[in-house]
Amino acid sequence: MLNLGFLGLGIMGSAMAENLVRAGFQVTVWNRSKEKCDPLLALGAHPAENPRDVASQCDLTFAMLADPKAAREVCFGEDGVLAGISGGRGYIDMSTVDDITVNEINHAITEAGGRFLEAPVSGTKQPAVDGTLIILAAGDRSLYEQSLPAFEVMGKMSPYLGEAGQAARMKLTINMVMGGMMTAFCEGIALGRKCGLDGAQLLEILSSGALANPMFKIKGPMLLAGEFPTSFPLKHMQKDLRLAVALGDRLGQPLHCASTANEIFKEAIKSGCADQDFSAVFSAID
Ligand code: NAP
């Protein structure tokens, strides 16, 4: 059985690591705020002092971190993954970051004698708990094959997308669409209510036609109730929009809707919604 490491035990990482422990893997965990390791240690995971120790002790080390800054610090920091990786050990970064960050980490890990795979996920808190994430993998093919038993525990599918950077590009493209859809949905509900339409009826009609989708179905009633229990933090959606807009900039691809959605999400952060669910962007619109 593979000896696994897991770095980053936030909303997603804690559920993913728990599934690995429950599936019988030996898992060594680390999180910047140490107390988040406790529930995993109680289930039988092993503690580690820092990412370097995890990477040097484990066959495969997974990471699920907030953003490019966190991914860089955990890899390149004094006691980071890079300081511990060697001998063909694997580092699999599942955080949503941009392709520039992916390539810097890929290059450094490979130079140090390790293997690197990026594997950002599609799906939110409940799919992470249920082990039904969609895992988008790109980078070292041998590491992809070796990671499949763990991916099968954490996800329902794990397509291989090619060279490192392609998974970040796929993930940012998908989340850019999601961020734009959420702002359009919120504007629709706000407009409908302003002109006296019944909110529940609006949702029912929307979900009966071509615009039916699971996100509107799950988030719609919460928007009407003004409740935003955090599944996907709003600050992370703004980060994804920001990174997608920057990718479009680099490629000369106009992204009018995504740029506008990015500004609306920034407005929501300014008004104190950073840690609420991304659907709380409604409060910047309604
Ligand atoms: P989260 O709950 O905010 O957790 C973020 C994790 O990153 C925590 O473990 C945090 O440590 C760590 N971290 C932040 N800055 C750090 C730093 N400078 N150094 C070391 N560790 C740092 O986020 P999440 O919802 O689990 O999301 C994790 C990643 O998955 C993000 O890239 C997000 O975009 C992506 N994602 C999320 C969802 C979702 O629905 N939630 C879905 C798909 C993808 P502390 O505990 O010490 O703060």
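Listed values, structure above:
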quantity	calculated
Dipole magnitude of segment 51-104 about its Cα centre (Cβ charges: Lys, Arg +1; Asp, Glu -1), debye to nearest 20	120 debye
Signed unit charges on C-beta, dipole axis of segment 195-286, positive-most listed residue Pro221, Phe278, Ile205	Phe278
Fraction of antiparallel bridges per DSSP, the chain only, in percent to nearest 5	20 percent
Size of charge dipole - segment 168-284 - debye, nearest 20, with Cβ of Lys, Arg +1 and Asp, Glu -1, no other charges	340 debye
More than 17 Å apart - percent of Cα-Cα pairs taken over segment 168-284	54 percent
Coordinate range along principal axes, alpha carbons of the chain, Å, largest first	64, 45, 33
Within the chain, longest stretch clear of exposed GluC sites (Glu not before Pro) (DSSP loop, no more than 15 other Cβ within 10 Å)	79-162
Carbon/sulfur fraction of accessible area - segment 3-164, other protein chains in place, 1.4 Å, %	50 percent
Rounded percent of accessible protein surface that carbon and sulfur make up, segment 168-284, 1.4 Å probe	62 percent
Among Ala70, Gly180, Gln57 - extreme Cα towards positive end, dipole of the chain, charges at beta-carbon	Gly180
Amide N of segment 85-114 lying under 18 Å from the label point, which is placed 7 angstrom from the Cα of Asp59 along Cα→Cβ	85-93, 114
Given Lys235/Lys270; Lys125/Lys156; Lys36/Lys239; Lys235/Lys266; Lys125/Lys219, the pairs whose alpha carbons are separated by over 19 Å	Lys36/Lys239
Heavy-atom accessible area ranking, 1.4 Å probe, most first, across Thr132, Thr110	Thr110, Thr132
Label point distance in nm, Lys217-Gln201, each placed 7 Å from Cα along Cα→Cβ	2.3 nm
Two-decimal Rg/Rh across segment 32-93, once Rg and the Kirkwood Rh are taken from alpha-carbon atoms	0.96
Solvent exposure ordering (accessible area, 1.4 Å, most first) of Met154, Met215	Met215, Met154
Accessible area expressed per residue, segment 3-164, with surrounding protein chains retained (probe 1.4 Å, Å²)	40 Å²
Helix-only [θ]222 nm of the chain, DSSP H runs n ≥ 4, -39500 (n - 2.57) each, per residue, nearest 500	-16500 deg cm²/dmol
Tensor-based shape of segment 3-164 (alpha-carbon gyration tensor, a/c under 1.5 rounded, otherwise prolate or oblate)	rounded
Charged-residue dipole, Cβ positions (Lys, Arg, Asp, Glu), the chain about Cα centre, Debye nearest 20	340 debye
Karplus-derived HN-Hα couplings along segment 105-121 (A = 6.51, B = -1.76, C = 1.60, θ = phi - 60°), whole Hz, x at Gly and Pro	5, 4, 4, 5, 5, 5, 4, 7, x, x, 10, 10, 9, 9, 8, x, 10
Theoretical FRET efficiency, 1/(1+(r/R0)^6), r = Cβ-Cβ of Asn3 and Lys125, R0 41 Å, to 0.05	0.90
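The values are calculated or read from the model by the stated rules, or taken from the named source; none is laboratory data. No experiment lies behind these values; they were computed from the predicted model shown. Please note: Cβ atoms are built from the backbone with ideal geometry, for glycine as well, and neighbour counts cover all protein chains shown. Protein only, heavy atoms only, side chains kept; ligands, DNA and RNA dropped before computing areas. Shrake-Rupley method; radii C 1.70, N 1.55, O 1.52, S 1.80 Å.
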